[in-house]
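Peer 1: Okay, here's the structure, questions in a sec.
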């Protein structure tokens with residue numbers, strides 16, 4: 001259990017009622033080498049096999065250590081109050097009893113729940129996530145309080161992609177966010193370690209820090225929106241948000257709000273993005289028939305060449321400042337439409353309703 | 001013939017696709033071939049991205065239109081549109097990560113499900129510069145390529161090793177197929193080019209079009 005101590009780095013608040021808190025553990029460690037899957041818990045020891053979605057392969061799960069588990073059980077039973085160090089050594093800084101949250105540890109996420117009902121809510125959340133980012137199996141112990149999940153290759157594979165993308169995030173934001181740019185190497189390394197970032201030695205501290213923040217929030221998002229999970233391009237969308245927001249939990253919820261609309265572009269069946277590209281194609285056809293004719297000649301009227309631009313909202317075409325400007329205009333526009341205000345200040349009438 | 005040839009002046013246009021797991025270096029192979037550039041921190045590919053480059057094969061200008069796709073499974077629904085009309089494919093794995101080689105089978109299946117069975121395929125083991133981290137022996141990959149009847153080459157986009165050769169080889173093979181088709185049409189089997197030739201289907205291919213130029217002089 002030593003590994004759990006003092007490694008907490010991240011928390012996310014979910015607005016759910018609760019008083020007494022209990023912990024729910026979901027294994028989320030990325031340090032497992034391929035083929036050598038293990039678990040932080042004993043409850044899964046009895047020959048549990050997890051079937052992975054996709055390729056149908058089976059992975060046998062083993063318990064890591066009985067003693068550490070029983071120690072863990074004892075720790076779990078300790079009452080957890082507000083503003084305290086959690087039983088597993090993770091610090092809990094929120095004193096808002098209406099929130100429940102999860103935290104990162106090297107061994108996974110720790111969920112803290114208020115009552116049985118909330119555990120079921122959590123279970124539902126985790127069940128949905130099964131086969132997606134965490135590729136996990138949810139297990140409850142006899143007392144009904146502890147949920148544990150196994151890791152799988154799918155899990156590791158997807159986590160690897162998030163890490164790969166996080167490390168590749170650019171550093172344009174640095175000049176705009178001096179406070180984050182000044183982060184110390186030890187602080188950056190500590191955060192990187194807590195999210196199991198690898199191969200980052202060539203990066204400057206602020207970029208390590210940025211990458212680690214990207215990982216914690218993207219992993220949390222993948223769990224939160226299990227249908228979509230993590231998809232390449234999301235790091236491009238999140239990077240400007242965390243650059244202007246220092247607090248991870250606030251950045252997370254902003255990202256969730258942002259993704260309410262943007263998530264459709266990441267759907268597995270690509271219906272959302274195809275619809276968008278179709279619209280662009282129609283706009284070009286209506287506005288610039290000559291250009292459209294040219295596209296038809298090139299067999300490019302499907303506008304697939306705009307795929308990336310639409311998915312990451314021109315993030316890779318524009319610089320940091322231009323991106324923020326464009327996005328703010330887009331968001332303001334959407335908000336104005338929702339509020340029924342047009343550019344002329346007249347009430348917006350939706351023709352389709 | 002004037003010394004200058006315009007960018008869009010070519011005799012053949014071939015569509016190639018680059019496929020393989022995320023992070024094996026597809027985009028860098030492409031940028032190395034198309035622009036002689038390499039970027040250690042290149043961004044992940046989203047959906048599909050494109051590049052072109054023309055090379056000379058025999059006395060003809062062959063223009064390669066290369067489609068670089070995202071390796072993440074998520075971007076797979078686009079596939080049918082993506083493979084449509086492709087006459088060549090580079091199936092890339094990372095020589096330092098065995099799992100990417102294991103996945104080659106899946107990629108090959110997808111490729112064969114969506115393209116003409118006679119498409120020219122080359123298995124490409126990239127990151128050959130990471131010698132101390134090698135996880136896929138050359139022999140293993142070579143044997144697999146022989147079994148699957150594909151071409152094989154190990155490359156390093158970083159060191160610009162074999163990148164040019166790999167693309168040129170694929171384009172040349174496609175060119176041979178297309179010229180053979182032209183010859184077949186002329187009923188002259190004795191003039192078949194030497195070496196391995198692959199027939200790209202019986203019906204005309206959209207992408208392997210002989211371009212009639214009006215300003216080639």
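Peer 1: Alpha carbon centre of segment B:87-139 versus segment A:221-267: separation in Å?
Peer 2: Going from one Cα centre to the other spans 32 Å.
Peer 1: Additional query: Sorted from largest down, what three extents in whole angstroms do the Cα atoms of segment A:154-265 have along their principal axes?
Peer 2: Taking the Cα atoms of segment A:154-265, the three principal extents are 36, 30, 20 Å.
Peer 1: Separate question: Taking every pair of alpha-carbon atoms in segment A:231-353, give the share separated by more than 22 Å as a whole percent. Don't skip to the answer; put the middle values down first.
Peer 2: Working: 3676 of 7503 pairs.
So the pairs more than 22 Å apart make up 49 percent of the total in segment A:231-353.
Peer 1: Among DSSP bridges having both ends in segment B:12-185, what percentage is antiparallel? Round to the nearest 5.
Peer 2: Taking every DSSP beta bridge with both residues in segment B:12-185, the antiparallel ones total about 30 percent.
Peer 1: What order do you get for A:164, A:237 when you list them from fewest to most C-beta neighbours inside 10 Å?
Peer 2: A:164, A:237
Peer 1: Per the Debye formula with a single identical scatterer at each Cα and no solvent contribution, what log10 I(q)/I(0) holds for segment B:37-117 at q = 0.12, 0.15, 0.17, 0.19 Å⁻¹?
Peer 2: -0.44, -0.68, -0.86, -1.04
Peer 1: Starting from the Cα coordinates of segment B:12-185, work out the convex hull volume and express it per residue in Å³.
Peer 2: In segment B:12-185, the Cα convex hull volume per residue is 111 Å³.
Peer 1: Here is a follow-up. Go ahead and run the numbers for FRET between residue B:52 and residue A:301, Cβ-Cβ distance against an R0 of 22 Å, rounding to 0.05.
Peer 2: Details: r = 18 Å, r/R0 = 0.84.
For R0 = 22 Å, the calculated efficiency reads 0.75.
Peer 1: Assuming R0 = 35 Å, can you tell me the calculated FRET efficiency for the pair residue A:328 and residue A:294, based on Cβ-Cβ distance, to the nearest 0.05?
Peer 2: For R0 = 35 Å, the calculated efficiency reads 0.60.
Peer 1: On to the next question. Among A:294, A:224, rank each residue by its count of other Cβ atoms within 10 Å, from fewest to most, as a rough exposure measure.
Peer 2: Exposure proxy ranking, most exposed first: A:294, A:224.
Peer 1: If Rh is defined by the Kirkwood formula over all Cα pairs and Rg also comes from Cα, what ratio Rg/Rh do you get for segment A:271-342?
Peer 2: 1.05
Peer 1: Mind giving me the nanometre distance, one decimal, between the label points for residue A:283 and residue B:182, set 7 Å out from Cα along Cα→Cβ?
Peer 2: The answer from the label model is 4.3 nm.
Peer 1: Give me B:138, B:168, B:150 sorted ascending by neighbouring Cβ count inside 10 Å, so fewest comes first.
Peer 2: B:138, B:168, B:150
A short reminder: the numbers here are calculations on the coordinates, not readings from a lab. For clarity, every value in this text was computed on a predicted model and none was experimentally measured. All Cβ positions, glycine included, derive from the backbone under ideal geometry; neighbour counts span all protein chains shown.
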